[in-house]
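> Quick one: the structure is below, questions incoming.
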Amino acid sequence: MSGEDRFVLCMLAPAVAILGVLVAYPVGLLVFDSFFKVDTITPHIREWVGLQNYVDALTSKRVMESALRTVQYSLFALFFEFTFGFGAALLFSALAGQSRWHRTIFALPLMVPPIVAGLLWRFLLVGNIGILNYGLVRLGLISDPEAIAWLSSEDIVIYSVSFADIWLTTSFVALVSYAGLTNIPKDLLEAARMDGANALKRFWHVTLPLMRPVIAVVVIVRGVDAAKTFDLIWIQTQGGPSHASEVFSMNIYQRMVRFGDLGEASASGTLFLIVMMLLAAVAYWKIWRPVHA
């Protein structure tokens, strides 16, 4: 081993040690606990149950419903975040240097803590005192402030609580997308224009293919982040009404903290981790990898 290789290993050793302590050990303990019946009151007493915790989690109606709501929440939030964020990035790119202040203002929600954002949107949406409904009344879109129960209707609450997520992180998508757009060679776009391609064709055949790696990063990062959201929803509804906004992460929390079932909570957490890793791998394979193939 050369001196340069030893130097690289020495530089990487602290990071590897920190990741081992802060990531590998907790994940290993999570998987280990998933094979035992463990109560949070007496965590030193363990009873081996094998895969029974996984069977209970996969056959639980409440767990499956929370998983479905997680998919609904994630897809809804990711769709609007990407649509608004990518559209804003295209606008910033068209404005070029004139968009400096626009980008700065657009990035302000990123500085707001999730708890504060959740409280803000709770005051905007809650009951008949929510500012949003009064604004809709003034615009003539609804006749009564109580016409839309954003946070108390079981049919729409899972989408309503995602408004805070969309508002909070659309700027992240916009800034990442804008960074990708600025790296597209201008001569390719100019060559396509000279060949007679209109703006739509240039976007579809030049811009979009070159943005695939950036889109993959956005989809993976924001998709996983939306799927594991807890604080934004908890501060608005605490999973209500009647568990209608209880997502998978919240179900794990309830199972561990309220019901004290550490074993089944660990099994649910392990299943959640596996699914997130599989989704990230699929997104990488389908979106990013074809660029390098």
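The values are calculated or read from the model by the stated rules, or taken from the named source; none is laboratory data. Being a predicted model, the structure only gives us computed values, none of them experimental. A quick note on method: Cβ atoms are made from the backbone with ideal geometry, for glycine too, and the neighbour counts reach across all protein chains shown. Side chains included, ligands, DNA and RNA excluded: accessible areas come from the protein's heavy atoms. Shrake-Rupley method; radii C 1.70, N 1.55, O 1.52, S 1.80 Å.
> Can you find, within the stretch 59-74, the residue that is most open to solvent (accessible area, probe 1.4 Å) among those that are over 21 Å from D165 (Cα atoms) and among the β-branched types (V, I, T)?
Filtering first and then ranking leaves T59.
> With respect to H243, is the statement that it is on the phi > 0 side of the Ramachandran plot and open to solvent by 70 Å² or more (accessible area, probe 1.4 Å) true?
So H243 fits the description; yes.
> Exactly one condition in (1) open to solvent by 40 Å² or more (accessible area, probe 1.4 Å); (2) in contact with a strand residue (DSSP E or B) (Cβ under 7 Å, 6 or more places away or on another chain) is false for W234; which is it?
(2)
> Is there a residue in the stretch 252-260 that is of a type outside the set (S, T, N, Q), under 21 Å from L58 (Cβ atoms), touching a helix residue (DSSP H, G or I) at 6+ places or on another chain (Cβ under 9 Å) and modelled with pLDDT of 90 or more? Full working, then the answer.
Going residue by residue through the stretch 252-260, those that are of a type outside the set (S, T, N, Q) are 252-253, 255-260.
Then keep just the ones that are under 21 Å from L58 (Cβ atoms); that gives 252-253, 255-256, 258-260.
Checking which are touching a helix residue (DSSP H, G or I) at 6+ places or on another chain (Cβ under 9 Å) leaves us with 252-253, 255-256, 259.
Filter once more, keeping what is modelled with pLDDT of 90 or more: 252-253.
Looking for residues that are of a type outside the set (S, T, N, Q), under 21 Å from L58 (Cβ atoms), touching a helix residue (DSSP H, G or I) at 6+ places or on another chain (Cβ under 9 Å) and modelled with pLDDT of 90 or more, one finds at least one in the stretch 252-260, hence yes.
> Then there is this: Run down V126, V157 and say which single residue is closer than 16 Å to G240 by Cβ, of a type outside the set (S, T, Y) and at pLDDT 90 or above.
On the way: V126 fails: at pLDDT 90 or above.
Of the residues listed, the single one that is closer than 16 Å to G240 by Cβ, of a type outside the set (S, T, Y) and at pLDDT 90 or above is V157.
> For the stretch 151-175, enumerate the residues that are open to solvent by 40 Å² or more (accessible area, probe 1.4 Å) and either farther than 17 Å from T229 by Cα or part of a loop (DSSP other than H, G, I, E, B) (or both). Let's see the steps before the verdict.
Taking the stretch 151-175 first, the residues open to solvent by 40 Å² or more (accessible area, probe 1.4 Å) are 152, 154-156, 159, 163, 167, 172, 175.
Once the filter is applied, which keeps residues that are open to solvent by 40 Å² or more (accessible area, probe 1.4 Å) and either farther than 17 Å from T229 by Cα or part of a loop (DSSP other than H, G, I, E, B) (or both), the stretch 151-175 yields S152, E154, D155, I156, L175.
> I'm checking my understanding of the structure. Among residues of the stretch 189-205 that are under 33 Å from the mean Cα position of the chain (by Cα) and open to solvent by less than 100 Å² (accessible area, probe 1.4 Å), which one is farthest from A88 (Cα to Cα)? Break it down into steps so the answer makes sense when it comes.
First pass over the stretch 189-205, keeping only residues under 33 Å from the mean Cα position of the chain (by Cα): 189, 199-205.
Cutting the leftovers down to open to solvent by less than 100 Å² (accessible area, probe 1.4 Å) gives us 189, 199, 202-203.
On the way: L189: 19, A199: 17, R202: 18, F203: 15 Å.
Applying the filter and picking the extreme gives L189.
> So T40 clears everything in (1) open to solvent by 70 Å² or more (accessible area, probe 1.4 Å); (2) among the hydroxyl-bearing types (S, T, Y); (3) in contact with a strand residue (DSSP E or B) (Cβ under 9 Å, 6 or more places away or on another chain) except one condition, right? Which one?
(1)
> If you don't mind, another one. Could you say whether any residue in the stretch 108-115 is open to solvent by less than 80 Å² (accessible area, probe 1.4 Å), closer than 26 Å to F230 by Cβ and in a loop (DSSP other than H, G, I, E, B)?
Scanning the stretch 108-115 turns up at least one residue that is open to solvent by less than 80 Å² (accessible area, probe 1.4 Å), closer than 26 Å to F230 by Cβ and in a loop (DSSP other than H, G, I, E, B).
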